[in-house]
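Let me begin by presenting the structure, written as structure tokens, before commenting on it.
The values are calculated or read from the model by the stated rules, or taken from the named source; none is laboratory data. What you see is a predicted model; the values in this text were computed from it and never measured. All Cβ positions, even for glycine, are placed from backbone atoms using ideal geometry, and neighbour counts span all protein chains on display.
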Amino acid sequence: GENVEQHPSTLSVQEGDSAVIKCTYSDSASNYFPWYKQELGKRPQLIIDIRSNVGEKKDQRIAVTLNKTAKHFSLHITETQPEDSAVYFCAASKASGTYKYIFGTGTRLKVLA
Amino acid sequence: ETGVTQTPRHLVMGMTNKKSLKCEQHLGHNAMYWYKQSAKKPLELMFVYNFKEQTENNSVPSRFSPECPNSSHLFLHLHTLQPEDSALYLCASSPAHGDEQYFGPGTRLTVT
């Protein structure tokens, strides 16, 4: 069945360094790719998303890139800060045909001060 | 506040009990979802409702029964659960299928 693989499962970086999280999806019909941040004990919240008609999107220190041919997309966080520490989930979705919204397994990011 | 509320926030129930989880969204969205979040597992989509019609049931056991009386309210009725059903149950809503989802705070369920 369709799935989304996410790597790494844990990531530790020094404050100020960059962090990259990668996801690969299997369903080539997926056309929407959101990233969610979940802090400890809190709900997941959308931080950035990208649709299949663009290759890159940036919002301040956060960027997402999409390679439709290879079926993978990545989250890039620059100049990391301690408050970036959280679990990050990618997801792949398609709204046409059978509805699917599949999450990756999550990456626990620790930013060391 | 994201506009999605869930009650109760914590629930402990025995395997023979019947309980219900409630979700309400104040965002005017048309789609609502139930997810199960277990430790070290991805978010598992359970049910999807679009314009209060169920559009997805991801092979969820019948001991979980959803109800969507209108686009703003979603319930998850629980009966004869198993200890492995203990998890965080998250509700979410989106303007339409395929849009960004707004999550509620979740209900932490423990089945004893």
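Some points to look at:
- Inspection of segment B:39-60 identifies at least one residue that is within 14 Å of chain A (Cβ to nearest Cβ), in contact with a Ser or Thr (Cβ under 7 Å, 6 or more places away or on another chain) and at positive phi.
- Segment B:33-86, residues that are in a strand (DSSP E or B), surrounded by 14 or more Cβ atoms within 10 Å (Cβ to Cβ), modelled with pLDDT of 90 or more and of a type in the set (S, T, N, Q): B:GLN37, B:SER65
- Residue within segment A:16-38 that is within 14 Å of chain B (Cβ to nearest Cβ) and over 16 Å from the mean Cα position of the chain (by Cα) present: yes
- The combined condition, being surrounded by fewer than 17 Cβ atoms within 10 Å (Cβ to Cβ), at positive phi and either within 13 Å of chain A (Cβ to nearest Cβ) or modelled with pLDDT of 95 or more (or both), is fulfilled by B:GLY3.
- Members of segment B:69-111 that are in contact (Cβ under 8 Å) with a residue 60 or more places away in the chain, in contact with a Pro (Cβ under 7 Å, 6 or more places away or on another chain) and more than 10 Å from chain A (Cβ to nearest Cβ): B:THR107, B:VAL111
- Of residues in segment A:77-96 being more than 10 Å from every other protein chain (Cβ to nearest Cβ) and assigned to a loop (DSSP other than H, G, I, E, B), the one nearest to B:TYR102 (Cα to Cα): A:SER85
- Near pairs, Cβ below 8 angstrom, 6+ apart or cross-chain, from segment A:48-72 (closer than 12 Å to A:PRO34 by Cα) to any residue that is at pLDDT 95 or above and outside any strand (DSSP E or B): A:ALA63/A:THR78
- The set of residues from segment A:53-64 being part of a loop (DSSP other than H, G, I, E, B) and buried (at least 18 other Cβ atoms within 10 Å of the Cβ) is empty.
- Taking the conditions (1) under 13 Å from the mean Cα position of the chain (by Cα); (2) within 13 Å of chain B (Cβ to nearest Cβ) in turn, A:LYS100 satisfies each one other than (1).
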